[in-house]
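Undergrad: Provided herewith is a single structure, encoded as structure tokens, for subsequent inquiry.
The values are calculated or read from the model by the stated rules, or taken from the named source; none is laboratory data. None of these values were measured; they are calculated from a predicted model. Glycine gets a Cβ as well: all are built from the backbone with ideal geometry, and neighbour counts include every protein chain shown. For accessibility, only protein heavy atoms count, side chains too; no ligands or nucleic acids. Shrake-Rupley method; radii C 1.70, N 1.55, O 1.52, S 1.80 Å.
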Amino acid sequence: MADVDNGQYQLQARTEFPEGTTTATAFSAMVIRKSGGVPIQVNIDSNSASGMKLYIDGTLQDMTVYGNVSSTIIQEDNVLVSRPSASEFKVYYSTGVSATAQVEQGMMSIVFSAPESFKGKTKGLLGVWDGDQTNDFTMYDGTVLSTNSTERQIFDFGRSWQVTATAGDKVSLFHYEGGQGVDTFQDDTFEPTFGDEMDSSADPALLQQARDKCGENQACLYDVLQTGDVAVGEASLHQSSTIQDGSQKTSNYPPSVTGPTVLYAVYQQTLEFSLTAQDRNGDSVSFSVSEPSDLPASVLTASGNTASFSWQVDRAEPFDLRVLVTDAGGASALYWPTVYLCNCENGGGCASSGGTHSSSNNTRFVMQECTCAAGYTGSNCESDIDACAANYEPCYAGVRCNDLPAPANISGYECDSCPSGYTGSGERCTDVDECASGASCAQLCVNFPGSYQCSCDAGYELGEDGSSCNDVDECTPANDCDQVCNNNAGSYSCACNSGFQLDGDRKSCTPTHPCPVGDTGGCDLVRGWCLDNRGGMRPRECACKAGYVLADDMVSCNDKNECQTGENNCNQNCVNTDGSYNCTCETGYQLVDEHTCQDIDECNAGTYNCTGNTVCKNKPGNYSCECAAGLVLTGGKCVDLPDDEKPVSAPTRPASDQDLSNAVTFNCGITLEQYTVSVDDAFSVQLAAMVTEHCAVNAAECGVVTSDGARRRRSTSVTFTVLQVQRPSGYPSANNDSTTALAYYVLLPSGNTSIPGSELLTILQSNVSALEAVLGGDISGIALLVPVEEEPVAASGMNVAVIVVAVVVPLVLLAVVVAVGVHVYKKSKRKKVGISSEDLRMDPVKKERVSTRAWGPLQKGQAAANPNAPPPTWSTQAAAGGTTSSQPVRVPLPPVRAPTFVREPSTLSREESGAVANPAYQSTEDLKSEKEPKASVLQLLPVASSLPAAPADSELYPKPPGTPDC
């Protein structure tokens with residue numbers, strides 16, 4: 001449509017059929033571009049409120065953000081755009097070139113303007129602007145048509161300037177929607193109705209209406225006659241008038257504003273810059289804050305053509321900064337920079353480059369990305385880096401991860417000590433092979449991850465202490481010998497009753513002299529035998545095989561119910577069978593041999609059914625599904641709660657006896673639910689700082705060792721961290737009064753021992769208020785976890801008695817006393833004593849060791865307070881056990897072995913009856929013949945006259961529950 005200065009500026013237009021005709025066209029779009037700039041395109045859009053669509057560089061824009069005030073666009077400098085009215089859009093270039101599109105009645109009118117400097121440099125449909133009208137119809141190939149040319153000839157002139165799809169000085173600048181192109185809007189066969197060739201037979205009524213409305217305006221008459229709509233002609237008249245007014249207004253070019261295109265603002269700091277305005281017409285200008293900016297007017301201070309801006313940025317959210325510059329003629333321009341706001345906390349900063357430009361037509365604001373100081377993270381550096389979470393909980397399973405405060409960065413975490421049975425840094429833990437490290441197992445040692453277990457050779461069982469091995473009595477309560485079982489150390493052997501001999505399997509017994517065939521005396525030969533006594537009182541005697549007992553008729557053999565008699569080795573359920581028995585297990589257990597039921601580890605076997613974030617935990621006879629490490633059961637689901645809601649986990653470091661003696665406990669007025677991970681971490685940080693401060697000036701008292709190995713009182717720079725603050729197992733725990741019991745001990749940085757409890761007690765008692773602030777509750781009852789026991793103080797009378805004995809008694813008497821002690825010692829070494837099955841009946845499933853104590857400790861100061869009082873009875877002494885702090889006075893008793901099981905009474909001797917031979921056992925009468933235990937030498941020294949009276953049999957040998965009277 002217009003080419004200025006050989007392509008420096010180009011204006012192109014598009015035509016389409018207006019509504020109501022197919023024989024004439026009207027403008028439907030325009031596009032203008034400066035060489036090197038972006039195309040700015042306006043299309044008719046009947047579906048929008050403005051009736052227009054705006055494209056800048058091929059991108060659809062929001063027309064509503066533009067108004068009567070000229071404003072810059074972000075895609076190109078030195079160009080202004082405005083929307084003088086709802087149906088009008090104007091483009092200004094700083095050189096004075098402008099184009100205006102106005103839409104009315106579905107048709108577009110276009111006004112193009114250029115300053116005098118471009119006179120003689122134009123060509124195209126708008127003609128050659130040089131003051132010579134004779135060359136206005138210059139075709140693209142240079143042919144010049146006469147000013148008297150017909151409309152048909154002028155139509156050919158227009159075709160010569162038609163845009164093309166190929167590169168060149170006529171290439172199309174338009175943006176096309178999907179599927180469209182240059183060919184979409186070109187029809188080489190189209191020929192319009194020319195005004196000078198219009199049929200004179202037009203509708204007289206319509207022609208009259210057109211003349212009444214248009215007068216002699218040929219454009220108006222043509223539009224009415226072509227469309228049959230008088231309103232279209234009226235729109236043509238209005239557009240002609242607007243074009244004339246626009247030509248006058250175009251002479252008042254809006255002012256230009258010079259200022260920074262990008263502003264870098266910092267939250268809560270002052271933003272300052274200057275603006276300079278220039279008006280082409282020399283008019284005076286004014287500056288004002290423009291909507292939608294809500295900044296106060298006081299931020300601007302104007303003087304002539306310049307203005308200063310100063311504002312302390314008081315908001316961290318996006319905001320608009322727009323300044324309107326208006327000249328005396330009413331033309332205005334908008335200063336609208338892009339603002340980059342930096343809002344970084346905790347010493348963070350923003351890159352000076354501002355990052356990627358993210359402005360759009362309705363906002364020119366960029367929230368800059370923060371570069372955080374070490375140890376902080378978040379969009380505004382508002383959060384301390386949780387190094388534990390950032391490293392996906394890097395500590396070994398079950399080991400607590402402690403996030404270090406800033407400036408520690410993503411590597412700023414420390415792990416607690418490895419779990420018991422492991423060694424390492426806490427992040428990497430390896431199993432300690434206790435078996436290779438000298439575990440105190442008597443026979444065998446089996447190493448497990450995190451622990452070990454002692455075991456025994458065949459024929460032995462593990463003692464109650466978990467390390468010693470005791471001989472297994474394979475003969476009781478049941479055995480696989482036919483008749484007689486003899487227990488040996490670590491083994492056993494079988495023997496036979498009189499009249500029987502041992503078979504080759506060394507277990508079965510057969511008669512030495514069986515009855516002759518056909519002369520069995522009525523004996524049950526299936527379940528027993530017939531013995532030939534050869535001259536005895538009973539020439540034929542019946543005997544039963546193992547698992548059977550001889551009936552009262554002395555010939556039949558009845559099944560023995562081993563499950564009822566207890567003569568079985570089942571450790572759970574026993575099922576009797578003919579001549580034998582079978583062992584079965586409870587649910588959740590399985591037989592590992594013929595008699596032993598062992599728990600099924602469903603977790604190890606993979607037969608569990610745990611879903612979600614739960615893990616399997618084995619239990620005797622069963623299993624349970626529990627939340628995985630770090631998760632908490634809430635509402636029936638395992639969830640990862642935030643630290644301020646998550647309960648603390650159990651400590652992973654086992655406390656030694658020394659650690660427990662150095663631990664301090666106290667009560668806090670918060671519930672157990674309120675003692676969360678956040679509270680525990682905050683308390684540990686605070687306590688570590690307090691211990692560091694205290695031990696810096698009390699190094700010797702804290703046990704801090706200096707570099708030369710000496711303990712000194714001078715200040716020592718040793719820093720305690722949260723890793724040294726430890727909780728004993730079982731803490732925290734809930735009290736009945738809705739408070740929480742807490743306990744802590746503090747390790748030395750070496751990690752091998754803890755600071756003395758007295759020092760920790762002093763630290764806590766001196767900082768109660770500060771610790772209460774951290775915990776959020778009152779602290780009470782601060783004390784050592786393990787109270788210090790007072791040393792027993794002997795009565796003065798006792799001391800005098802000892803002195804007298806030491807001075808008066810000759811050495812010979814002392815020798816006699818020693819001899820008495822030796823005699824007592826030998827008596828204690830007597831052979832083992834047992835209780836027969838007739839004296840004690842026990843549950844066959846359990847093998848319990850029975851132990852007795854002669855008497856308990858004396859009451860503190862009892863003997864000295866009343867030396868003439870009668871000696872206490874054994875029952876009195878036993879009742880006093882555990883209630884005093886004096887040294888216990890104990891007399892050794894012979895150990896009592898586990899009982900055998902009941903056999904039917906018999907008048908025969910052991911050998912004659914076939915009873916289990918067990919020479920290690922003694923009868924009840926043997927037990928009763930034991931002498932009263934003697935006191936040791938040390939027991940005689942304090943008060944020789946205060947020995948207790950000899951115990952009665954019922955006191956010395958109390959019967960366990962269920963023992964029948966004999």
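Undergrad: Can you list residues whose amide H is under 5 Å from residue 528's amide H, if they're 5+ apart or on another chain and H is modeled 1.01 Å from N?
TA: The answer is 545.
Undergrad: Give the Rg/Rh ratio for the stretch 1-158, taking Rg as the radius of gyration of the Cα atoms and Rh as the Kirkwood radius, to two decimals. The partial results should precede the final answer.
TA: Numbers: Rg = 16.5 Å, Rh = 16.7 Å.
Value, to two decimals: 0.98.
Undergrad: Another question, if that's okay. Given a 1.4 angstrom probe, what's the average accessible area per residue across the stretch 256-377, in square angstrom?
TA: Working: 5950 Å² over 122 residues.
Using a 1.4 Å probe on heavy atoms only, each residue of the stretch 256-377 averages 49 Å².
Undergrad: Please list, ordered by chain and number, the residues whose modelled amide H lies under 5 Å from the amide H of residue 106; skip anything fewer than 5 residues away on the same chain.
TA: none
Undergrad: While we're here: Taking the Cα atoms of the stretch 384-460, what is the range of coordinates along each of the three principal axes, in descending order and whole Å?
TA: Computed over the stretch 384-460, the largest-to-smallest principal extents equal 62, 18, 11 Å.
Undergrad: Hey, what do the phi angles of the stretch 538-555 turn into as Karplus ³J(HN,Hα) couplings, whole Hz, using 6.51/-1.76/1.60 and θ = phi - 60°, x for Gly and Pro?
TA: 3J(HN,Hα) across the stretch 538-555, in whole Hz: 10, x, 10, 10, 8, 9, 10, 6, 4, x, 10, 10, 6, 6, 5, 6, 6, 10.
Undergrad: Given a 1.4 angstrom probe, I'd like the percentage of the accessible area of the stretch 487-554 that is carbon and sulfur, rounded to a whole number. Don't skip to the end; give the middle numbers.
TA: Working: 2040 of 4000 Å².
After summing per-atom areas, the C and S share lands at 51 percent.
Undergrad: Additional query: Quick check: from the Cα gyration tensor, does the stretch 608-675 come out rounded (a/c under 1.5), prolate or oblate?
TA: Values: a/c = 2.84, a/b = 1.46, b/c = 1.95.
It comes out oblate by the Cα gyration axes.
Undergrad: Over the alpha-carbon set of the stretch 473-513, work out the extent along each principal axis and list the three values in angstrom, largest first.
TA: Result for the stretch 473-513: principal-axis Cα extents of 33, 18, 13 Å.
Undergrad: For the stretch 256-377, with all protein chains present and a 1.4 Å probe, just round the carbon and sulfur fraction of the accessible area to a whole percent. Each step should come with its number before you reach the end.
TA: Values: 2650 of 5950 Å².
Within the stretch 256-377, the accessible surface is 45 percent carbon and sulfur.
Undergrad: Place a point 7 Å from Cα of residue 605 in the direction of its Cβ. Which residues in the stretch 569-590 have their backbone N less than 16 Å from it?
TA: 584-590
Undergrad: Which residues' amide hydrogens lie under 5 Å from the amide hydrogen of residue 15, considering only partners 5 or more residues apart or on another chain, with H built in the peptide plane?
TA: Placed amide hydrogens put 28 under 5 Å from residue 15.
Undergrad: Output ³J(HN,Hα) for the stretch 647-656: one whole-Hz value per residue in order, computed from phi by the Karplus curve 6.51 cos²θ - 1.76 cosθ + 1.60 with θ = phi - 60°, and x for Gly and Pro.
TA: The phi angles translate into x, 6, 8, 5, x, 9, 8, x, 7, 7 Hz.
Undergrad: How big is the accessible area of residue 600 in square angstrom, nearest 10, if you roll a 1.4 angstrom probe over the protein chains?
TA: 50
Undergrad: Please give the solvent-accessible surface of residue 627 in Å², to the nearest 10, using a probe radius of 1.4 Å with every protein chain present.
TA: So the heavy atoms of residue 627 present about 40 Å² to solvent.
Undergrad: Compactness ratio of the stretch 387-431: Cα Rg over 2.2 N^0.38 Å, N = residue count?
TA: Details: Rg = 10.6 Å, N = 45, 2.2 N^0.38 = 9.3 Å.
Ratio of Cα Rg to 2.2 N^0.38 Å: 1.14.
Undergrad: In addition: Need one value: the accessible area of residue 738 in square angstrom, 1.4 angstrom probe, rounded to the nearest 10.
TA: The accessible area comes out at roughly 80 Å².
Undergrad: Given q = 0.20 Å⁻¹, what are the Debye log10 I(q)/I(0) values for the stretch 256-377, with equal point scatterers placed on the Cα positions and solvent ignored?
TA: For the stretch 256-377 at q = 0.20 Å⁻¹, log10 I(q)/I(0) is -1.11.
Undergrad: Can you tell me the accessible area per residue over the stretch 387-431, all protein chains present, probe 1.4 angstrom, in square angstrom? Intermediate values should be presented prior to the final figure.
TA: Values: 2290 Å² over 45 residues.
Value for the stretch 387-431: 51 Å² per residue.
Undergrad: Can I ask one more? Can you run phi through the Karplus equation (6.51, -1.76, 1.60; θ = phi - 60°) for the stretch 335-343 and list ³J(HN,Hα) in whole Hz, with x for Gly and Pro?
TA: 8, 9, x, 8, 9, 9, 9, 10, 10
Undergrad: Mind ranking 433, 532, 680 by accessible surface for me, highest first, 1.4 Å probe?
TA: 433, 532, 680
Undergrad: Turning to a different aspect of this structure: Whole number in Å², please: accessible area per residue of the stretch 23-138, 1.4 Å probe, ligands, DNA and RNA not counted.
TA: Numbers: 4730 Å² over 116 residues.
Dividing the accessible area of the stretch 23-138 by its residue count gives 41 Å².
Undergrad: Tell me, what are the semi-axes, in whole angstrom and largest first, of the equivalent ellipsoid of the stretch 516-567 as set by the roots of 5 times the Cα gyration tensor eigenvalues? Display every interim value, and only then the final one.
TA: Details: eigenvalues 114, 22, 14 Å².
Largest first, the stretch 516-567 gives 24, 11, 8 Å.
Undergrad: If you average the C-alpha positions of the stretch 1-59 and of the stretch 162-233 separately, how far apart do those two centres end up, in angstrom?
TA: Centre-to-centre (Cα) distance: 15 Å.
Undergrad: Continuing with the same structure: Using only alpha carbons, build the gyration tensor for the stretch 466-605 and give me the equivalent ellipsoid semi-axes, biggest first, whole Å.
TA: Working: eigenvalues 266, 68, 24 Å².
So the equivalent ellipsoid measures 36, 18, 11 Å along its semi-axes.
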